[in-house]
Amino acid sequence: MDILAYMGKYGFEQLIFCHDRVSGLRALIALHNTTLGPALGGCRMYPYEKEDDAILDVLRLARGMTYKNAAAGLSLGGGKSVIIGDPRRDKSEEMLRAFGRFVQTLGGRYYTAEDSGTSVEDMDVIRTETEYVLGLSTADSSGDPSPVTAFGVWRGMKAAAGQAFGEESLKGRTVAVQGVGNVGYALARHLAEEGARLLVADVDAGRAERAAREFGAEVVDPQHIHAAPCDIFSPNALGAVLNARSIPELKCRVVAGGANNQLATEADGDELERRGILYVPDYIINAGGVINVADEMLGKYNRDRAMRKAATIYDNVRRVLAIARRDGIPTYRAADRLAEERIARIAQLHQMYLPG
Ligand code: NAD
């Protein structure tokens, strides 16, 4: 792969190859865009088969973080890191500390955090070598992000309901929740409290039954939850659930959920638009998690402040929908435009102070 050409095409700033002979660390850190502030994005550990797969993944994920952080109104740029290896077999204290030393060399241009294959405990180890790590196990750290994520999803869903149904209240609306894990369960609680009618599905039957018991939800077969007649379909489990096979089966007016990377391809975003289904872009509505961890950078972590910031996801969803209407584009494109417009405005501001 022609890495520099790819970086040029998408405006990347830096890609760092990290190697430590003693611990066997092989890692990559990608900084996509730091116009708004230092890059923040988690550290993923995964046994990539080919080095190119790791490179492409870290670049794509870093770019995604630029958009997510910018659209969320955070003063943070986009970055990400990957450690190449099997987290169950290859991870060691030496490796994590070696990774922390590389993060430290960037002097605060990049902040890391947990991601798939890494844990809060791993962040504690990385902290021994660098101050630029968030989401530790300490009492003053941000802790489990899922309640904040779920709160943001609920707020964003109300904003979408306002546009789709002419009223924001979800009382009496039928919401089909796919996945009642950390985010889906907390979301279902908000919805139940508001008086929504809930359909829930989870491959873990115990979790679906818990939601049924506690929130009076109706349990649906996980194979068919996306096709259940409802007002709002809410994906909170896997990525790529909106695809060429599932979209023709949808019987909802709105898709709004916490899962990452819900669209299998961009064409699926176009298809939802064509069918008149209002898709709330995933990275706009599920930004509560990053908002939560980023709060640590403002000093002592404050959950109330993080929740207040997450509440602004409501305004962000409205902004995205307004841009989609203004420019006549699908919502997933409008989300990117929201982020790009903010970065361009701040970049212009910086240029005002350049000499000459
Ligand atoms: P989780 O593992 O706690 O919950 C996921 C749930 O989905 C589990 O209960 C699992 O059994 C279920 N599931 C898996 N496959 C399913 C299927 N095919 N059908 C129905 N249910 C299925 O994870 P989570 O932390 O709740 O995260 C859920 C999604 O939200 C993920 O895509 C995650 O990347 C995204 N997300 C989470 C956060 C956060 O704060 N946790 C923040 C942003 C985005």
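The values are calculated or read from the model by the stated rules, or taken from the named source; none is laboratory data. Model, not experiment: these values are computed from the prediction. Ideal geometry is used to build each Cβ from the backbone, glycine not excepted, and the neighbour counts take in all protein chains shown. Side chains are part of the model used for accessible areas, which takes the heavy atoms of the whole protein and leaves out ligands, DNA and RNA. Shrake-Rupley method; radii C 1.70, N 1.55, O 1.52, S 1.80 Å.
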**Report entry** Some residue of the range 137-145 being open to solvent by 30 Å² or more (accessible area, probe 1.4 Å), within 23 Å of A311 (Cβ to Cβ), among the hydroxyl-bearing types (S, T, Y) and more than 16 Å from the ligand (Cβ to nearest atom)
**Finding:** no
**Report entry** Only listed residue being surrounded by fewer than 19 Cβ atoms within 10 Å (Cβ to Cβ) and in contact with a strand residue (DSSP E or B) (Cβ under 7 Å, 6 or more places away or on another chain), chosen from M65, M7, M45, M1
**Finding:** M7
Report task. For the range 110-117, indicate whether the set of residues that are open to solvent by 10 Å² or more (accessible area, probe 1.4 Å), of a type in the set (G, A, S), in contact with a Lys or Arg (Cβ under 7 Å, 6 or more places away or on another chain) and under 26 Å from P145 (Cα atoms) is non-empty. Result -> yes
